[in-house]
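Encoded as structure tokens, the structure appears first; notes follow it.
What follows draws every value from the coordinates through simple rules; no lab data is involved. A quick note: this is a predicted structure, and the numbers were derived from the prediction, not measured. When we count neighbours, we look across all protein chains shown, and the Cβ atoms used for this are built from the backbone with ideal geometry, even at glycine.
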């Protein structure tokens, strides 16, 4: 699998919400099998780091599928990351705490990776165009990165349970 064979890159919010709510592994294990085996879907190393801190079933799933979480340690991603950082820092409505949270977490790298490799971001976040918080869909919109939710991804992949 190469980085360019993927179409969708998944945010931690998708995995956490699915695990805790509508695709609990004990009720719909097929969702997790599909994610792990679908060649058009991936996530990034920084999402993995967020998940492994939870010490729950999802953290164990992530460890078992660590190769699914691709490295952001490449020049294409870093170049896009710099552009995103510069833009976020230039937006007056984003407060300092929100900027720090965005840069410290996986979200900024997720957007950079998607931009670098022309992928669609899959997230449960919703745009808040007047919010002082940095939101993935707002960054994606600024950089022309497609951004959809879990159900839109499943429909695009023609996945039915």
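So here's what we get for this one:
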{"item": "Residue 82/residue 26 FRET efficiency (R0 35 Å; Cβ-Cβ; nearest 0.05)", "result": "0.25"}
{"item": "At q = 0.20 Å⁻¹, base-10 log of I(q)/I(0) for segment 3-156 (Debye sum, equal scatterers on each alpha carbon)", "result": "-1.31"}
{"item": "Segment 1-69, relative contact order in percent, only Cα pairs under 8 angstrom and at least six apart counted", "result": "35 percent"}
{"item": "Whole-angstrom Cα spans of segment 1-79 along principal axes, big to small", "result": "39, 24, 19"}
{"item": "Normalised convex hull volume, segment 73-161, alpha-carbon set, Å³ per residue", "result": "100 Å³"}
{"item": "Residue among 71, 131, 43 with the largest mean-square fluctuation in a Gaussian network model of the chain, springs linking Cα atoms under 10 Å", "result": "131"}
{"item": "Relative contact order %, segment 31-111, counting alpha carbon pairs below 8 Å whose residues are six or more apart", "result": "32 percent"}
{"item": "Mean separation of Cα contacts under 8 Å (6+ apart) over length of the chain, as relative contact order %", "result": "26 percent"}
{"item": "Three semi-axes of the equivalent ellipsoid, segment 59-115, Cα gyration tensor, whole Å, largest first", "result": "25, 15, 6"}
{"item": "Most fluctuating residue given options 69, 130, 94, as computed from a GNM of the chain linking Cα atoms under 10 Å", "result": "130"}
{"item": "Selected from 132, 146, 92 as most flexible by GNM, with the chain as the system and alpha-carbon contacts under 10 Å", "result": "92"}
